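These notes concern the structure reproduced below.
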Amino acid sequence: MADDTAATAAGTMRKAGVGRAVPGSRVLLPLAGIAFACAIWQLTVVVYDLPVIVLPPPWAVATSLSELVRSAAFWRDVGVSLFEFVCGYALGTIAGIAVGALMAESRFFRMTATPVIESLRFIVPFAWIPLTVLWFGTSYTGKILLVAYAVFFVMTVSTARSVMHVDPTLTRVGTMLGMSRIELALRVHLRAAAPAIASAARAAAAVGWIAVVAAEYVGASAGLGVLITNAATSLQTGHVLAGMVVIGLIGAGVSGLIRRLSRSRLDY
C-alpha cells in the first residue's frame, strides 16, 4: 500500500510539473554561476585595491583573452597541447584497459603485476618531468609519455576493479553458452563493466590534461604551459589568467565530449 501511495504521489508531482527543469535552466544556471564568480573576483580587486599586475579584473582578462585568440601563436600552443594530450590519452587508455582486464581475468597476472602497479601509481607524473626532459629534451615524446603514464594507472585500477565486480551470473551464463575465457572477457565482462570504465575515462582525462600542461611549464618549446610561463616572466598577469581560463575550458570540453560519447555508445 505504501508503494501505491508513493507511486500516486510521484505521478501527481509529474503532472504538476514538480521537479521539472525550468526552460533554459541548462544555460541560465551556468551563466549565473559564472557571473557570481566574476562578481566575487571584481569585488576582491576593488576591496583590496589590487594592482593589475597582482590580480587584474575580469574585464582585463577578457581583453587579454581576445588578444590571444587573434594571434597565430596562441592557436599553435593550443594545438600542441591537444596533440600531446590526445596521443598520450589514447596510449594510456588502451594500455590501461588491457592491463586492467588481464589483472581481473588472471589471478597469476594480478599477483605478479599488483606490487609494480601499486608502487608506481603513487609516483606522481610530475616527479618524472626532470627525467623526461633529460631523456627526450623538449620534444613531444616526453609529454606524450607523461600523459600516458598518468592515464594508465587510473584506467588500470578502475578497469580491474570494475571487471572483478561484474555480476557472477553473467559469467555463469556465458560459460553455459560455451564461451571461452577470452570471449567471456571481451564479450561479457568488459561490456558489463563499460559504464564504470567510461566514468574512469573522464577522471583519467582530467589527470592527463593536468599532466601535459604541467610538463610544458618545465620542458617544452610550445604549448599552453609555455604560453603561461612566458606571460608570467613578462609580468603579463592578464595573459596568465587568460591562459588558465583556456586550460579550464578545454578540460571541461574534453570531459563533456567523453561523457557524451559514452552515453551515446553505452546508452546510459
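Readers should treat all values here as calculations from the given coordinates under stated rules, not as data from a laboratory. What you see is a predicted model; the values in this text were computed from it and never measured. Here Cβ is always computed from backbone atoms with ideal geometry, including for glycine, and neighbour counts include all displayed protein chains.
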What is the distance in Å between the Cα centres of the range 46-105 and the range 168-239?
15
How many angstrom lie between the Cα centre of the range 123-153 and the Cα centre of the range 246-268?
24
Taking +1 at the Cβ of each Lys and Arg and -1 at the Cβ of each Asp and Glu, which of VAL207, ALA194, LEU134 sits farthest along the dipole of the range 58-266 towards its positive end, judged by Cα position relative to the Cα centre?
ALA194
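How large is the helix-only mean residue ellipticity at 222 nm for the chain, computed as the sum of -39500 (n - 2.57) over DSSP H runs with n ≥ 4, divided by its residue count, in deg cm²/dmol to the nearest 500? Spell out each step's value before the answer.
Values: 11 runs with 209 residues, N = 268.
So the calculated ellipticity at 222 nm is -26500 deg cm²/dmol.
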Inter-label distance for ASP49 and SER71, nm, one decimal - labels placed 7 Å from Cα along Cα-to-Cβ:
3.2
Taking the reciprocal of mean 1/r across every pair of different Cα atoms in the range 97-181, the Kirkwood radius in Å is 14.9
